[in-house]
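The values are calculated or read from the model by the stated rules, or taken from the named source; none is laboratory data. As the structure is a computational prediction, the values presented were derived from the model and not from experiment. Note: ideal-geometry Cβ built from the backbone for every residue, glycine included; neighbour counts use all protein chains shown.
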Amino acid sequence: MSHLLRQAEAEKLTNRLLLSGEDCWDLAESIATAVQGSNWVHDGDVLVITDDGTTIKVGEDEGDLRTMRGLTQWAHRTPRAGAWRVVMIENVERMTLNASNAFLKLLEEPPTRTRFILTTKNHHQLLATILSRVDIHCIPTDIRTGSDSLVLQFLNGNLADRLALVHSLDAEIKKAKTTGKWKEYMLDLLLGARMHAPEQLPRIWQSFRRLQQNANPRFVMEHLSLDLG
């Protein structure tokens, strides 16, 4: 999971990404944040099609962005604020056969400044021709959900609790000699914040970027503990 965020941050992410597994949407949103910045929800360059329980059809109205006709028109427009437009589709297997064929054509001749971030619960339900046009990443459950209890303890605790947790993790990680665990824990915090404390996401994202730049992990976590109040 961390390598996908690093690629997105460095603008090396594939333009046609498919995340396969249960509940991949939080990771998709984190990748969108890496591509567009923390304010992507409001910049007008991200089209989000969440799973509302209905199928995705070809449609007739170009103004209906939940149809392939509307989505295709939107994807070909020039970005308004940044360098990219991003199309996010949750559970892309909801497409009808006709919509899947229309989407395949869009993937075969994609707009030059548009990225697709897709999720599916089971990529085997998709057309083989679509699978051949995307970069598939299967997300294991243990990586996706992370250490929920530690995440909630950090997000909901007071300053003393957070610092105690940081010191405990620091001792554990030093003993195991696996410094990469800090980044894994920070990624868990990013995903947890989206569900439980979205107002804290910009601070956590900034701290994650410091880790990516090889700042001292314990210092970064202590500083984040203070920032969260």
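Report, ordered by the first and then the second residue, all pairs with beta carbons closer than 7 Å, sequence separation of six or more or different chains, a first member in segment 118-132 that is within 10 Å of Asn91 (Cα to Cα) and at pLDDT 90 or above, and a second member that is in a strand (DSSP E or B) and among the small types (Gly, Ala, Ser).
Matching pairs, first to second residue: Thr120/Ser20.
Restricting attention to segment 12-33, which residues are outside any helix (DSSP H, G or I) and β-branched (Val, Ile, Thr)?
Thr14 - this is the single residue of segment 12-33 that is outside any helix (DSSP H, G or I) and β-branched (Val, Ile, Thr).
Among Leu201, Leu165, Leu187, which is aliphatic (A, V, I, L, M) and either more than 17 Å from Glu29 (Cα to Cα) or at pLDDT 80 or above (or both)?
Of the residues listed, the single one that is aliphatic (A, V, I, L, M) and either more than 17 Å from Glu29 (Cα to Cα) or at pLDDT 80 or above (or both) is Leu165.
Among the residues of segment 63-84, how many are surrounded by fewer than 22 Cβ atoms within 10 Å (Cβ to Cβ) and either among the basic types (Lys, Arg) or farther than 20 Å from Val35 by Cα (or both)?
Total meeting the criteria: 11.
Which residue is surrounded by the most Cβ atoms within 10 Å (Cβ to Cβ), if the candidates are limited to segment 90-112 and must be of a type in the set (S, T, N, Q) and assigned to a loop (DSSP other than H, G, I, E, B)? Working first, answer last.
Start the filter on segment 90-112 by keeping residues that are of a type in the set (S, T, N, Q), which leaves 91, 96, 98, 100-101, 112.
After this cut, where a residue has to be assigned to a loop (DSSP other than H, G, I, E, B) as well, the list is 91, 96, 112.
Working: Asn91: 19, Thr96: 13, Thr112: 8.
Residue satisfying both the conditions and the ranking: Asn91.
Kindly indicate whether any position in segment 52-59 is touching a strand residue (DSSP E or B) at 6+ places or on another chain (Cβ under 7 Å), buried (at least 20 other Cβ atoms within 10 Å of the Cβ) and among the hydrophobic types (A, V, I, L, M, F, W, C).
yes
State whether one or more residues within segment 29-51 are farther than 22 Å from Ile136 by Cβ, surrounded by fewer than 19 Cβ atoms within 10 Å (Cβ to Cβ) and in contact with a Lys or Arg (Cβ under 9 Å, 6 or more places away or on another chain).
yes
Among the numbered criteria (1) within 22 Å of Ser20 (Cα to Cα); (2) in contact with a Lys or Arg (Cβ under 6 Å, 6 or more places away or on another chain); (3) surrounded by 15 or more Cβ atoms within 10 Å (Cβ to Cβ), which single criterion is violated by Val87?
(2)
Please state which one of Arg66, Arg77, Arg115 is part of a strand (DSSP E or B) and either within 19 Å of Arg16 (Cα to Cα) or touching a Gly at 6+ places or on another chain (Cβ under 7 Å) (or both).
Arg115
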